[in-house]
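Working notes, beginning with the structure itself.
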Amino acid sequence: MRARRKALTKPERDAAERAAAEKVEALAFFREAGTVAAYMALGSELDPEAIVREALRLGKKVALPVTVGRELIFRLVPDLDPGNFRLGAYGIREPREELPIWDLREEKEKVLWLIPGLAFDKECGRLGQGGGYYDKILKEIRSLEGPGQLCAGLAFDCQIAEKIPREPWDRAVDLVITPGNIFCNNRHILEE
């Protein structure tokens, strides 16, 4: 899957990222969400920057991850100014320590999660990079009461596998959004 992602040309990547952003921004849940919890792309991952910029433009809170040991915490960013970031674990840009920590357990509004992955399948199974960071987050999200939390995996079309092997600790997402498709493990999500 990494090789497939890396083989995409810059024009293919740009077009794919625009198409995926349009799909996310067309979701009713995106319009209703008070917070978008996203990620900073690593290497050849589909970059959600356009979605993040639109969320900020619309006045939504944007939470981005920081790696702390074997866990992720999220910090709220006011914008994508380079001064708000530092190079963190794995060479990923992370919000600086001065930015406020966002506690998903205290969120009072709907949250749209944009989740990276190495591969996904049509049943919304997810294969991560192997660290288990997002499996822990997905487990925590599933345990919450309160406002809606929608977890959307973002990927290029070439990252969709026939079937992702799952271990007991692996967590599926609610949707997988690619430039060409939206796969959903519960159709009512798209009807809301």
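Hey, how many Å between the Cα centroid of the stretch 1-32 and the Cα centroid of the stretch 104-175?
Distance between centres, Cα-based: 17 Å.
Using +1 on the beta carbon of Lys and Arg, -1 on that of Asp and Glu, and nothing else charged, what's the dipole of the chain about the Cα centre, debye to 20?
Values: 30 positive and 32 negative charges, 80 e Å.
The dipole magnitude comes to about 380 debye.
Given R₀ = 35 Å, what would the calculated FRET efficiency be for Glu12 paired with Asp81, taking r from the Cβ atoms and rounding to 0.05?
Details: r = 28 Å, r/R0 = 0.81.
Calculated transfer efficiency: 0.80.
Find the lysine pairs in the chain meeting two conditions, Cα atoms under 15 Å apart and a separation of 8 or more places or different chains, and report how many there are.
Total qualifying Lys-Lys pairs in the chain comes to 5.
Taking the simple approach of a point 7 Å from Cα along Cα-to-Cβ for both Glu140 and Lys108, what is their distance in nm?
Placing both labels 7 Å beyond Cα along the Cβ direction yields 2.1 nm.
Quick one: of the DSSP bridges fully inside the chain, what percent are antiparallel, nearest 5?
The antiparallel fraction comes to roughly 50 percent.
May I ask you to list the residues of the stretch 1-36 whose amide nitrogen lies under 20 Å from a point 7 Å from Cα along the Cα→beta-carbon direction of Asn185?
24, 29-30
Name all residues of the stretch 71-86 having a backbone nitrogen under 13 Å from the label point set 7 Å from the Cα of Trp169 along its Cα→Cβ direction, giving them as ranges.
71
Using +1 at the C-beta of Lys and Arg and -1 at the C-beta of Asp and Glu, which of Ile182, Gly59, Leu104 has the Cα lying farthest in the positive direction of the dipole of the stretch 45-192?
So the residue we want is Leu104.
Counting each DSSP H run of 4 or more residues in the chain as -39500 (n - 2.57), what helix-only mean residue ellipticity at 222 nm follows after dividing by all residues, to the nearest 500 deg cm²/dmol?
Result for the chain, helices only: -7000 deg cm²/dmol.
How large is ³J(HN,Hα), in whole Hz, for each residue of the stretch 83-88 in order, when computed from phi with the Karplus curve 6.51 cos²θ - 1.76 cosθ + 1.60 and θ = phi - 60°, using x for Gly and Pro?
With the stated coefficients, the stretch 83-88 comes to x, 8, 10, 9, 7, x Hz.
Using amide H atoms built 1.01 Å from N in the peptide plane, name the residues 5+ places from Phe85, or on other chains, whose amide H lies under 5 Å from its own.
Amide H neighbours of Phe85, under 5 Å, 5+ apart: Arg96.
Every read-out reported here was derived from the displayed coordinates using simple, explicitly stated rules and does not represent laboratory data. Fair warning: this is a prediction, and the values are worked out from it, not measured in the lab. We place every Cβ from the backbone using ideal geometry, glycine too, and count neighbours over all the protein chains shown.
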